[in-house]
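Scroll down for the structure; my scribbles are underneath it.
The values are calculated or read from the model by the stated rules, or taken from the named source; none is laboratory data. Given the structure is predicted, the values throughout are model-derived calculations rather than measurements. Here the Cβ positions follow ideal geometry from the backbone for every residue, glycine too, while neighbour counts run over all protein chains shown. Note: areas computed on protein heavy atoms with side chains; ligands, DNA, RNA excluded. Shrake-Rupley method; radii C 1.70, N 1.55, O 1.52, S 1.80 Å.
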Amino acid sequence: MYTIQNYIDGRFQNAINSKSMESLNPATEGAIATLPNSDYRDVQNAVESAEQAFQNWSQTTPSYRSKFLHAIADGIEKKFDAFALAETEDTGKPLWLSKKVDIPRAIANFRFFADHILTIKDFSVQKDEKATSLITRHPVGVAALITPWNLPLYLLTWKIAPALACGNTVVCKPSEVTPVTAFLLSQLMDEIGLPKGVCNMVFGTGQDVGEFLVAHPKVRLVSFTGGTQTGRAIEKAIAGSFKKTSMELGGKNPIVVDQDADIDQTVEWVIKASFMNQGQICLCGERIFVHQKIFEMFLEKFIKETKKLTVGDPMIEQSFMGPLVSKMHFDKVKNSIALRIKEGARLVAGDENIEHEKGYYLRPTILTGLTKDNACHVDEIFGPVVTVEPFETIEEVTRIINESPYGLCAAVFSKDQKRAQEVAKKIQAATVWINCWLVRDLRVPFGGVKNSGLGREGGDYSVDFYTEYQTICTGT
Ligand code: NDP
């Protein structure tokens, strides 16, 4: 059992209102942690501390900050097993997945930006020998970093690392559903001697902590990852404040399986893209479009392989999937399945009872038979549920895909690289994978298309976001 405290101004402390809440392990439904149920007063203290710390931190050199980021990465490496266990107990994802993806990627986030910041150069331009302009980058100020529950450590570190590397100070509001790895991270920052106030962690709800944090006048930059509705609420709350804003929001990601796709390999990829982390990755596919020539063959194989997947105790190596993150989310996903069946979908895999006394387990679910223009195709489910539909032409399928309000990512499967590239170009999505999925390169831009987000992050794009330019023009 973890006793989580806020980390403000380099001190661990309870919420000023003394309120706390519990975080549950979704596999056992037992409490895994108590955490502060903070309010505006804790946020106020955290923002003031971050503002104070900004005075010094913003003046430090990139190499000074780089060393701290590497020290954090070293620390996570040393406590790898503790972070992986916490990630699994908190989210319900299989331990092998925490070890293979979440924790290594969190380490990579710190290492990448620790190195990347050393490559960023100031530059100058000369105008007809009359004047020289020196263009320099500067940190923005106090950043509010708000993250969801699905990849709690990975997404948080993808914000903290570039923000600190660029010289900003931060106040983080992790999801209260999965707070433990953020707490372990703050303990680590304390151990390595990160200057006080540079990174503050305030635990609590979106309503009591998040809303006040993003609207705080001393917060100059807001980086948010979460649902599109919440993103919209935040945009409204800060409208007119001219804060720099990055929004990584929801999706309804399509997967296109063309007529010449290798069925066995494609099914393998589609299973990962549909059900990994119980389908609770913003980049998971939810609508699978299969060329009608291979539709029946693909569906049969997809159902067969999906039914073989083991859903069970996340601590066991054989479990491909663990439980969904919470009872609330489990109910939401079950309702989404019921709604689709009511609207005419045929359930061809999933939704059977799973024999577990406790835990929010759901079998990977495949639905088919909905009409293409069915209204429920618009809503993100964010669980292990996909719909499979046939298509006839590329023009038809790309038109349907582009009718979606979202544009986070897509995947295309075809042996014909050229044709696949052409399909990819027609799809309105920030990232399109061809014959693969979830391959990440930290240098490339991510997000920022349609209702799936605003602003791009990744490599130089993150550096652009977490800094602002100044031009000093000197006459010669
Ligand atoms: P939410 O939008 O519900 O919550 C995200 C975070 O915002 C939580 O910490 C939440 O706190 C907080 N929050 C809620 N309301 C406010 C508010 N008014 N002001 C400030 N903060 C607030 O998302 P979920 O946690 O349910 O995560 C799932 C969603 O995240 C999915 O839609 C998914 O697609 C999206 N996502 C997008 C990614 C991307 O990169 N595009 C990556 C991962 C997820 P609290 O927990 O208390 O509500």
More than 18 Å from the chain's Cα centre (by Cα) and closer than 30 Å to residue 362 by Cα: does that describe residue 85? yes
Name the residues in the range 134-150 that are open to solvent by 20 Å² or more (accessible area, probe 1.4 Å) and under 9 Å from residue 225 (Cβ atoms), would you? 148
Starting from the range 375-399, keep only residues that are closer than 16 Å to residue 334 by Cβ, then list their pairs with residues that are open to solvent by 60 Å² or more (accessible area, probe 1.4 Å) and aliphatic (A, V, I, L, M) whose Cβ atoms are within a distance under 6 Å, requiring at least 6 positions of separation or different chains. 376/339
Find the residue count for the range 411-450, including only residues that are small (Gly, Ala, Ser) and closer than 30 Å to residue 114 by Cα. 4
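Conditions tested, residue by residue: (1) open to solvent by less than 60 Å² (accessible area, probe 1.4 Å); (2) β-branched (Val, Ile, Thr).
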| site | (1), (2) |
| --- | --- |
| 52 | no, no |
| 66 | yes, no |
| 70 | yes, no |
| 76 | yes, yes |
| 80 | yes, no |
| 84 | yes, no |
For residue 191, state whether it is over 16 Å from the mean Cα position of the chain (by Cα) and not small (Gly, Ala, Ser). yes
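Mind checking which strands (runs of 3 or more DSSP E) fall wholly inside the range 403-476 and carry at least 2 residues that are within 16 Å of the ligand (Cβ to nearest atom) and open to solvent by less than 80 Å² (accessible area, probe 1.4 Å)?
Working: elements: 409-413, 431-434, 467-475.
Where strands (runs of 3 or more DSSP E) fall fully within the range 403-476 and carry at least 2 residues being within 16 Å of the ligand (Cβ to nearest atom) and open to solvent by less than 80 Å² (accessible area, probe 1.4 Å), they are 409-413, 431-434.
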With respect to the numbered conditions (1) within 13 Å of the ligand (Cβ to nearest atom); (2) free of Cβ contacts under 8 Å to residues at least 40 places away in the same chain, which one is the sole condition not fulfilled by residue 171? (2)
Can you pull out every residue in the range 344-391 that is open to solvent by 20 Å² or more (accessible area, probe 1.4 Å), of a type in the set (A, V, I, L, M) and closer than 16 Å to residue 253 by Cβ? 378
Any idea how many residues of the range 368-388 are in a loop (DSSP other than H, G, I, E, B) and of a type in the set (Gly, Ala, Ser)? 2
Any residue at all in the range 155-166 that is touching a Ser or Thr at 6+ places or on another chain (Cβ under 9 Å), open to solvent by 10 Å² or more (accessible area, probe 1.4 Å) and touching a residue at least 40 places away in the same chain (Cβ under 8 Å)? yes
Every residue in the range 400-435 that is over 16 Å from residue 448 (Cβ atoms), of a type in the set (A, V, I, L, M) and in contact (Cβ under 8 Å) with a residue 24 or more places away in the chain, please. 400, 401, 411, 412, 420, 423
Exactly one of these conditions fails for residue 194: (1) surrounded by 17 or more Cβ atoms within 10 Å (Cβ to Cβ); (2) within 21 Å of residue 226 (Cα to Cα). Give me its number. (2)
Single match in 285, 369, 344, 383 (criterion: outside the structural domain of residue 228 (by TED's automatic domain parsing), within 23 Å of residue 30 (Cβ to Cβ) and of a type outside the set (Ser, Thr, Tyr)): 383
